[in-house]
1. Under the Karplus relation 6.51 cos²θ - 1.76 cosθ + 1.60, θ = phi - 60°, what is the ordered set of whole-Hz ³J(HN,Hα) values for the stretch 228-244, x standing for Gly and Pro?
2. How would 62, 54 line up from fewest to most surrounding beta-carbon atoms within 10 angstrom?
3. So what's the net charge close to residue 49: Lys and Arg +1, Asp and Glu -1, counting the other residues with Cβ under 14 Å from its Cβ?
4. If the viscosity is 1.567 mPa s and the temperature 4 °C, what Stokes-Einstein diffusion coefficient in µm²/s follows for the stretch 56-109 when Rh is the Kirkwood radius over Cα pairs?
5. Given H placed on each backbone N at 1.01 Å, which residues far from residue 209 in sequence or on other chains put an amide H within less than 5 Å of it?
6. In terms of the Cα gyration tensor, with a ≥ b ≥ c the square roots of its eigenvalues, is the stretch 80-142 rounded because a/c is under 1.5, prolate because a/b exceeds b/c, or oblate?
7. As a footprinting exposure proxy, order 34, 126, 6, 57 by other Cβ within 10 Å, with the fewest listed first.
8. Need one number for the stretch 56-201: average projected area of the convex hull over its C-alpha atoms, nm².
Amino acid sequence: MYPDPTLYAVPLFLAGLLLEPWLLGRRAKAGQRTRGYERRDRNASLGMGLGSLVFATAINLVTYAVARRLWPHRLCDLGSGLIGYAVAILAVDFSYYWDHRVQHEVRALWACHVNHHSSRYYNLSTALRQPWTPWTGVLFFPFWALAGIAPEMIMISYGVNLIYQFWIHTEVIGKMPRWFEAVFNTPSHHRVHHGSNPEYLDRNYAGIFIVWDHMFGTFEPERAPVEYGLTKNIESFNLLTIAFHEYAAIARDLFAARGLRDRIGILFRGPEWRARSRLGMAEPRMKPAGW
């Protein structure tokens, strides 16, 4: 087995959740615009986080098992030193970018990820609103074992990636120094990713390094105030609704679709294609990919 670094980060998560409301209150008193917290939304985010510990842990074990099966066929062994871990963190973050991007661009995968975008608030509790069905990790991460990254290092690096992303889910921090903003994902960059503003949709997929978005044409700086959530919000704090509402919507659309071509499009094209296929109009109910 491998040590899960996210478990060691729990005290950090708790400290951040306790401190952030006070800092947001100070910003509000100073007249600065913040969305802040809402009790039911916060509780729903925490509930989703607790649920993900069960589901995501099971999927991570499968990812680890696949990497273990690939490891004997590796081309080299990068070792477990500083260089090995540096390569592992960079490689896992590259895979995270594409895993994250595909989840936005393929509706069947968007159903896995949409719950993370379902909050209309943006705070550290939102970081814990994690998917319950993140099975795409099995497709994007284990193959690094063939390149010489040990399975344990893949999983530890993935945990480090998630820990890094905790602090960027906040309105407390404005802009970081320019050099930092150019290389790393920051609260400003990630606020854009959670925005439902038309210019912010499906931008800034990075985990740790924002350079991937610059390289692949998906970067958007934070300019206009961010409106958080989906293009049409689900208006529910029920955990099962948050976790599975898009799966239910896909099932309804598949049942109502006119033929096989439409059903394939509903599953494998962007979330917005569903509305065009079934209703003949581009008016998506959820946050669409590529819009």
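Bear in mind that the values in this text are calculations on the coordinates, not laboratory data. Remember, it's a predicted structure, so these values are computed and weren't measured experimentally. No Cβ is skipped: glycine too gets one built from the backbone with ideal geometry, and neighbour counts run over all protein chains shown.
1. 7, x, 9, 5, 9, 7, 7, 6, 8, 10, 6, 4, 5, 5, 4, 6, 10
2. Fewest-to-most Cβ neighbours within 10 Å comes out as 54, 62.
3. +1
4. Translational diffusion coefficient: 98 µm²/s.
5. Correct list: 185.
6. oblate
7. 57, 34, 6, 126
8. Computing the convex hull of the Cα atoms and averaging its projections yields 9.5 nm².
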